[in-house]
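The values are calculated or read from the model by the stated rules, or taken from the named source; none is laboratory data. This structure is a prediction, so every number in the text was calculated from the model and none was measured. Neighbour counts are summed over all protein chains in view; Cβ atoms, including those assigned to glycine, are modelled from backbone coordinates with ideal geometry.
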Amino acid sequence: MSTSLVILAAGQGTRMKSDLPKVLHQVAGTSLLHHAMLSGAALEPWKTVIVAGHGAETVEASVRDIDPEAQVVVQRERLGTAHAVAQAREALDGFEGEVIVLYGDTPFIRPGTLRSMLEARDGHAVVVLGFEAADPGRYGRLVMNGDELERIVEFKDATAAERAITLCNSGVICADAGLLFDLIEAVGNDNAAGEYYLTDIIGIARRRGLSATAVTCDEAETMGVNSRRDLAAAEAAFQARARAEALDNGVTLQAPDTVWFSYDTAIGRDATVEPDVWFGPGVTVETGARIRAFSHLEGCHVSRGAVVGPYARLRLGAELAENVRVGNFVEVKNAQVEEGAKINHLSYIGDAGIGARSNIGAGTITCNYDGHMKHRTEIGADVFIGSDTMLVAPVRIGDEAMTATGTVVTMDVPAGAMAIARPRQENKPEFARRLMSRLRAIKAKLAEGKS
Ligand code: UD1
Ligand code: MG
């Protein structure tokens, strides 16, 4: 049986006080909407339909980057959650299978929870995801009769007795596509909010003699974002979980609360992460690597046994092979650094390849940008680059070659050769002493004139 996703993302998120549509605000390096899409992606959906409203073009552009196959439909008027889901009907024309409705501002629903909802569909026409709320507040309440879900009542419409129910509606609903859209057609807006409530489909299904039930999950999964405070709380919740998972997976975090992960950070067991390290999106760190304090990594790969930092910056496309060393105040971007190579101090290595065991001296810069285009620097194996070498790309340094300290390399260096390009040193005897006494005399004269 195949599954499709409908993700509701029309809300403006007024309380965010933002020009950006709410679902595009980020937690752990990617949008809330992307988090929701990732939860659903684990079910390998037949189709993903996002219902956008406020900032629909911006949402669409972002969705295109994440998943070009996903379809964005627009809800022009915000008439309620049932009306929002109805906007996906045409996009799902011809689809036979389950539809799962998710909210784009609710990023943490686990794939396993969605799977258990699909399993519960066996024997029930509609399955709702509920949770026991510590503070039920204004959530919709699930009115149960044993295993049977009789109806969902919105807070605004609930009696005092119904408001006392603590089992709440997360908003996630699963039903057969054909049935879902049929039920939605029967939904009216005669309620306290004057909206078409998706939650009304339960009562309608029951009146038609169909069965409904609820699957429950941890309240943490249903955490939604409506304000910047919620966003910060969601970030904190994500980080707490990611840190705990890293520790459970055998990663040493010396000061877990100071390490920041992205949604897709992958770290192997027996890796060590020192305090104050930031992992942006797209980072993989292999087993036994060490990321030293105050390092900043994104879009990069660190192989086993490599040591990065302290104070290193690895940017998009930095690929460190086994046992590479990248030291303090070194920036590496779009560069493949082969096994055992060392870049230990104060360097910029961009658009480059560095061969195995090569040593890059302190202060080396790959001059990769001419103001219009980027050019590559290719350094062979067992090369010794002297301190403060400027490598003006495009340029190649052959295996076992050297550059002298302070050299500006503008031509290729053949294998085994030594490149030296700097003025020859000249020592002028007694020049320094004579110059200093002349300057002292001038200064003394000026001081006399002032007094
Ligand atoms: C909804 C549920 C409630 C549940 C709560 C969980 C309904 C009627 N109520 O209430 O039972 O406990 O979520 O958070 O479904 N949206 C649209 N278009 C619309 C209306 C809403 O896309 O016309 C989207 C919103 O952007 C949001 C989601 O649907 O992502 C839920 O809408 P919201 O207005 O927050 O519903 P609640 O009143 O919180
Ligand atoms: Mg809400």
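Numbers at a glance
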| item | result |
| --- | --- |
| Matching residues in segment 16-40 - criterion: being assigned to a helix (DSSP H, G or I) and either away from ligand 1 (no atom under 12 Å from the Cβ) or modelled with pLDDT under 95 (or both) | LEU24, HIS34, HIS35, MET37, LEU38, SER39, GLY40 |
| Residue among PHE384, PHE329, PHE294 that alone is closer than 27 Å to GLY416 by Cα, touching a strand residue (DSSP E or B) at 6+ places or on another chain (Cβ under 9 Å) and among the hydrophobic types (A, V, I, L, M, F, W, C) | PHE384 |
| Near pairs, Cβ below 6 angstrom, 6+ apart or cross-chain, from segment 320-349 (within 15 Å of ILE379 (Cα to Cα) and modelled with pLDDT of 95 or more) to any residue that is assigned to a strand (DSSP E or B) and of a type in the set (Lys, Arg) | LYS342/ARG325 |
| In segment 154-190, the residues that are assigned to a loop (DSSP other than H, G, I, E, B) and out of contact with any Gly (no Cβ under 9 Å at 6 or more places or on another chain) | THR159, ALA164, ILE165, THR166, ALA186, GLY188, ASP190 |
| Flag for ASP200 being touching a residue at least 12 places away in the same chain (Cβ under 8 Å) and among the charged types (D, E, K, R) | yes |
| Per-region count, segment 97-140, residues under 20 Å from HIS83 (Cα atoms) and within 16 Å of ligand 1 (Cβ to nearest atom) | 14 |
| Enumeration of residues in segment 69-85 that are surrounded by 14 or more Cβ atoms within 10 Å (Cβ to Cβ) and more than 10 Å from ligand 1 (Cβ to nearest atom) | ALA70, GLN71, VAL72, VAL73, VAL74 |
| Tally of residues being outside any strand (DSSP E or B) and surrounded by fewer than 24 Cβ atoms within 10 Å (Cβ to Cβ) across segment 324-351 | 3 |
| Pair list, Cβ < 8 Å and 6+ apart or interchain, from segment 101-112 residues that are charged (D, E, K, R) to residues that are assigned to a loop (DSSP other than H, G, I, E, B) and within 11 Å of ligand 1 (Cβ to nearest atom) | ASP105/GLY11; ASP105/GLY13; ASP105/GLY224; ASP105/VAL225; ASP105/ASN226 |
| Only one of ALA158, ALA164, ALA177 that is without any contact (Cβ under 8 Å) to a residue 24 or more places away in the chain, over 12 Å from THR213 (Cα atoms) and either crowded, with 17+ Cβ neighbours inside 10 Å or not assigned by TED's automatic domain parsing to the domain that holds ASP218 (or both) | ALA158 |
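Residue-by-condition table, conditions (1) in the same structural domain as ALA193 (by TED's automatic domain parsing); (2) of a type in the set (Ser, Thr, Tyr); (3) within 16 Å of ligand 2 (Cβ to nearest atom):
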{"residue": "ALA70", "(1), (2), (3)": "yes, no, no"}
{"residue": "GLN75", "(1), (2), (3)": "yes, no, yes"}
{"residue": "GLY94", "(1), (2), (3)": "yes, no, no"}
{"residue": "GLY104", "(1), (2), (3)": "yes, no, yes"}
{"residue": "ARG110", "(1), (2), (3)": "yes, no, no"}
{"residue": "THR113", "(1), (2), (3)": "yes, yes, no"}
